[in-house]
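To keep things clear, I will list the structure first and then write my remarks on it.
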Ligand SMILES: *Cc1c(COP(=O)(O)O)cnc(C)c1O
């Protein structure tokens, strides 16, 4: 049995640390989800969600993981046989493609090297060539959690518009929402897919779809089989502050509290905090002489940093040592980065001293694991935090 003295450091890029306030908000008796008290909670969380997704459109909340919200987006907006363009940003893009293909979508998968975000130019070029408008959707991951690269979603929107193409734009911001700017309406997104356990600081268990008018219209005429995930039934019930089936009542209490916390700090301040922590982490990385998986500074993620170890070293062995010695969980390398990279989550409920503890744990772990590096990464990060 693991023994903890003091808090465990959960520095994986999701699930993230849940604030005590949010845990306390959940520790409430479960109420009648068809009673008047629930209706008040229902309206409050639906409105609060719109303020975070930055939309006046419906935000649909599922009792699901993020993967469920992916499936909801596909089965509502698209039909079997539909052609879609997806970009290979990393492991999560691969997983979304797998799910899309199981739903019989015809996926044009734009290859990537897992070190960059999605290329707006390549997407634009695909759409420009599609004169018959056979492509029904462009599907991209905003913050690729396996690599720490952010895709420029407004640039992708412009590429679709410049091509004069009617394809829907569907974006997975499961690990981006609450950690970096995201604008469902202003960026012209048709379906936003999100989850509870990353930037939103909640435990796992809620999935989200924010949906444009155009996406709602597309879903009315699409042939996919769906029932549990059906947007229209949920939107209709939500108008009355309820759900067609039992919602995750206690997670909704948590959601309300977490969004209140985001607004108390101010969304812009929350995003600035994430940017600072990303910059401090990268300063440590470059002092250590280790390589960032993401190679384009314009695409560096404020939510996490994926770190490559020199060839021949096992990143999972390093993570094991850090867990055993310092009770800190770092993210494993995913897919083809398994064993080659580890990930530092610096998103969600997090502050300067938690970051310092995290980076000190990494630096001590590098020494213990025999990873060649230059010491002083923690110092370099402190200089960023104090503005020297
Ligand atoms: C975590 C994550 C997912 C998967 O979410 P689950 O809640 O594990 O189903 C999908 N996409 C991205 C970008 C993620 O970070």
Against the conditions (1) within 17 Å of the chain's Cα centre (by Cα); (2) away from the ligand (no atom under 16 Å from the Cβ); (3) on the phi < 0 side of the Ramachandran plot, where does residue 7 fall short? Just the number, please. (1)
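Among the residues in the range 147-159, are any more than 16 Å from the ligand (Cβ to nearest atom) and under 14 Å from residue 299 (Cβ atoms)? Quick ask: steps written out before the conclusion?
Let us first name the residues in the range 147-159 that are more than 16 Å from the ligand (Cβ to nearest atom), namely 154-155, 157-159.
Pick out the ones that are also under 14 Å from residue 299 (Cβ atoms) and you get 154-155.
Yes, the range 147-159 contains at least one residue that is more than 16 Å from the ligand (Cβ to nearest atom) and under 14 Å from residue 299 (Cβ atoms).
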Look at the range 124-171 and say how many of its residues are without any contact (Cβ under 8 Å) to a residue 12 or more places away in the chain and under 17 Å from residue 92 (Cβ atoms). 0
Where a residue in the range 93-116 is in the same structural domain as residue 136 (by TED's automatic domain parsing) and over 22 Å from residue 291 (Cβ atoms) and its partner, wherever it lies, is surrounded by fewer than 15 Cβ atoms within 10 Å (Cβ to Cβ) and at pLDDT below 95, with Cβ under 9 Å and at least six apart: none
It is to be established whether one or more residues within the range 33-50 are in contact with a strand residue (DSSP E or B) (Cβ under 6 Å, 6 or more places away or on another chain) and within 16 Å of the ligand (Cβ to nearest atom). no
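Of 284, 279, 306, which residue is surrounded by fewer than 19 Cβ atoms within 10 Å (Cβ to Cβ) and in the same structural domain as residue 378 (by TED's automatic domain parsing)?
Details: 284 fails: surrounded by fewer than 19 Cβ atoms within 10 Å (Cβ to Cβ); 306 fails: surrounded by fewer than 19 Cβ atoms within 10 Å (Cβ to Cβ).
Result of the check over 284, 279, 306: 279.
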Can you pull out the residues in the range 12-45 that are surrounded by fewer than 19 Cβ atoms within 10 Å (Cβ to Cβ), farther than 30 Å from residue 323 by Cα and under 24 Å from the mean Cα position of the chain (by Cα)? 44
Regarding the range 265-279, can at least one residue be identified that is in a loop (DSSP other than H, G, I, E, B), out of contact with any strand residue (DSSP E or B) (no Cβ under 9 Å at 6 or more places or on another chain) and without any contact (Cβ under 8 Å) to a residue 24 or more places away in the chain? yes
Here the residues within the range 113-133 that are under 23 Å from residue 71 (Cα atoms) and part of a loop (DSSP other than H, G, I, E, B) are 117, 118
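The values are calculated or read from the model by the stated rules, or taken from the named source; none is laboratory data. Quantities reported herein were computed from a predicted structural model and do not represent experimental measurements. We place every Cβ from the backbone using ideal geometry, glycine too, and count neighbours over all the protein chains shown.
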